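The structure appears right after this line, and notes come after that.
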Amino acid sequence: MEACVSAATRLTGALTQPAQGIATGSVAPDFTALDQAGRVLQLGSLRGQVVLLNFWATWCVPCRQEIPWFAEFQQRYSARGFTVVGLSLDEDGWAAVRPFAETHRIDYRLGVADQSTVSSYGVQVLPTTVLIGRDGRIAMYGVGVPERSLYERAIVGLLD
């Protein structure tokens, strides 16, 4: 986990409090990235869906624990208006992410986070996960790996 903290610190420039405005009920900052298929991935285009936004890295052991959960959630709840987006903080970008995603059969949308997105979400530790409601507001902001059931209860609550 310490390595995960170090990498987030390198990307943000310092270990600080989350960005101002990052709190439950605040509007999630918009971002644009390219996904694994080369398509534009913009948070604003997902308005109306419940979005689980996960900041992760291929080398982050706790991040790997969550990947199967997120893939299962994507499969189980996508028809109800739910989507998972994973933004990688790997320094090698797609060179690291593509083979990892293929090997681990990640079937939800992935992108590579830029400095602006990392800063706007106040990412300090990996994994950091933000659950965003259909209205574009942050419903949950979590650091580390909570119980799987916590995610699922929150997702179902937002979908109902």
Return the long-range amide H neighbours of ARG137 (sequence gap of 5 or more, or a different chain), with a cut-off of under 5 Å between placed amide H atoms. ALA28
Return the percentage of antiparallel bridges among DSSP beta bridges fully within the stretch 21-135, rounded to the nearest 5 %. 45
Could you tell me the accessible area of GLU102 in Å² (1.4 Å probe, neighbours in place), rounded to the nearest ten? 140
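Classify the stretch 82-160: rounded, prolate or oblate, from the alpha-carbon gyration tensor (a ≥ b ≥ c, eigenvalue square roots; a/c under 1.5 rounded; otherwise prolate if a/b is larger than b/c)? Don't skip to the answer; put the middle values down first.
Details: a/c = 1.91, a/b = 1.43, b/c = 1.33.
Taking the square roots of the gyration eigenvalues as a ≥ b ≥ c, the stretch 82-160 is prolate.
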For VAL143, what accessible area in Å² do you get when you roll a 1.4 Å probe over the heavy atoms of the protein chains, rounding to the nearest 10? 80
With every protein chain present, what is the per residue accessible area of the chain (1.4 Å probe, Å²)? 47
Enumerate the amide H contacts of LEU87 below 5 Å, restricted to partners 5 or more residues apart or on another chain; note that Pro and chain-start residues carry no placed amide H. ASN54, PHE55, TRP56, GLY111
Residue-wise, which Karplus ³J(HN,Hα) couplings in Hz belong to the stretch 31-44, taking 6.51 cos²θ - 1.76 cosθ + 1.60, θ = phi - 60°, and x for glycine or proline? 8, 9, 8, 9, 8, 5, 9, x, 8, 5, 10, 10, 4, x
Rg/Rh over Cα atoms for the chain, Kirkwood Rh, comes to 0.92
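Dipole size in debye (nearest 20) for the stretch 41-117 around its Cα centre, Lys and Arg Cβ +1, Asp and Glu Cβ -1?
Numbers: 7 positive and 8 negative charges, 80 e Å.
That gives a dipole near 380 debye.
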Between HIS104 and SER116, with labels modelled 7 Å along Cα→Cβ, what's the label distance in nm to one decimal, could you check? 2.7
Long-range amide H partners of PHE31 with built H, under 5 Å: LEU43, GLY44
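Tell me the mean residue ellipticity at 222 nm calculated for the chain from its helices only (DSSP H runs of n ≥ 4, each -39500 (n - 2.57), averaged over every residue, nearest 500).
Numbers: 5 runs with 56 residues, N = 160.
Only helices count here, giving -10500 deg cm²/dmol.
The values are calculated or read from the model by the stated rules, or taken from the named source; none is laboratory data. It should be emphasised that the depicted structure is a prediction, and the values quoted were computed from it without experimental measurement. Glycine gets a Cβ as well: all are built from the backbone with ideal geometry, and neighbour counts include every protein chain shown. With ligands, DNA and RNA removed, areas are computed over all heavy atoms of the protein, side chains included. Shrake-Rupley method; radii C 1.70, N 1.55, O 1.52, S 1.80 Å.
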